[in-house]
Amino acid sequence: MESVLVSACLQGVPCRFDGRGKASPEMAAAIGERRPVSFCPEVAAGLPTPRRPAEIVGGDGHDVLDGRARVVDDTGHDVTEAFLDGAGRALEAARRAGCTEALLMARSPSCGRGAVYDGTFTGELREGDGVAAALLERHGITVRPAPGG
Ligand code: SF4
């Protein structure tokens with residue numbers, strides 16, 4: 001059976017920064033007949049739950065991968081290394097399960113695809129991907145923002 005990587009919070013796992021999950025009723029249809037591989041890059045990297053909200057400052061996840069941008073929390077603490085570690089672990093999990101596609105949580109600094117928060121902690125968005133989404137895309141895994149995410 002084909003497998004698809006899924007942001008764990010979208011399956012109701014309470015792993016978001018605020019200690020909540022966000023189960024989306026549209027997810028079952030998006031997953032279809034595939035086996036969901038539930039994964040949270042930030043928890044996998046050892047970050048606590050709940051945790052301070054974090055955003056990418058100076059670019060998007062691709063810029064973080066290329067060393068041009070950093071991930072910081074709302075106290076100014078730099079968490080870039082943890083986000084890079086979590087992205088690497090997400091890629092490992094996807095490869096291990098043979099996933100060619102990932103359905104990830106919109107706007108997250110790890111999982112966002114197409115748009116992420118802009119680093120000002122004001123709710124504004126910029127075009128781009130989260131760190132894990134960017135790494136998965138770079139390794140040939142198609143990342144889609146999950147419906148209802
Ligand atoms: Fe974890 Fe991604 Fe959900 Fe954030 S968006 S809680 S990193 S699975």
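Structure values in brief
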{"read-out": "Members of the range 12-41 found to be without any contact (Cβ under 8 Å) to a residue 24 or more places away in the chain and in contact with a Lys or Arg (Cβ under 8 Å, 6 or more places away or on another chain), listed by number", "value": "Gly12"}
{"read-out": "Flag if Val37 is in contact with a strand residue (DSSP E or B) (Cβ under 6 Å, 6 or more places away or on another chain), within 11 Å of the ligand (Cβ to nearest atom) and not in a loop (DSSP other than H, G, I, E, B)", "value": "no"}
{"read-out": "Output for the range 52-72, where each listed residue is more than 15 Å from Leu84 (Cα to Cα) and over 15 Å from the mean Cα position of the chain (by Cα)", "value": "Arg52, Gly58"}
{"read-out": "Qualifying positions in the range 88-100 - touching a Cys at 6+ places or on another chain (Cβ under 9 Å) and crowded, with 24+ Cβ neighbours inside 10 Å", "value": "Ala90"}
{"read-out": "The one condition in (1) over 22 Å from Ala146 (Cα atoms); (2) in contact with a Phe, Trp or Tyr (Cβ under 7 Å, 6 or more places away or on another chain) that Arg70 fails to fulfil", "value": "(2)"}
{"read-out": "The range 101-123 - residue that is among the small types (Gly, Ala, Ser) and surrounded by 20 or more Cβ atoms within 10 Å (Cβ to Cβ) and, of those, nearest to Ala146 (Cα to Cα)", "value": "Ala106"}
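Yes/no per residue for (1) in a loop (DSSP other than H, G, I, E, B); (2) touching a Cys at 6+ places or on another chain (Cβ under 6 Å); (3) near the ligand (Cβ under 8 Å from one of its atoms):
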| residue | (1), (2), (3) |
| --- | --- |
| Met1 | yes, no, no |
| Val4 | no, yes, no |
| Leu10 | no, no, yes |
| Pro14 | yes, no, no |
| Phe17 | yes, no, yes |
| Lys22 | yes, yes, yes |
| Glu42 | no, no, yes |
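Only the coordinates and a few stated rules stand behind these numbers; no lab work does. Quantities reported herein were computed from a predicted structural model and do not represent experimental measurements. Reconstructed Cβ throughout: ideal geometry from the backbone, glycine too, with neighbour counts over all protein chains shown.
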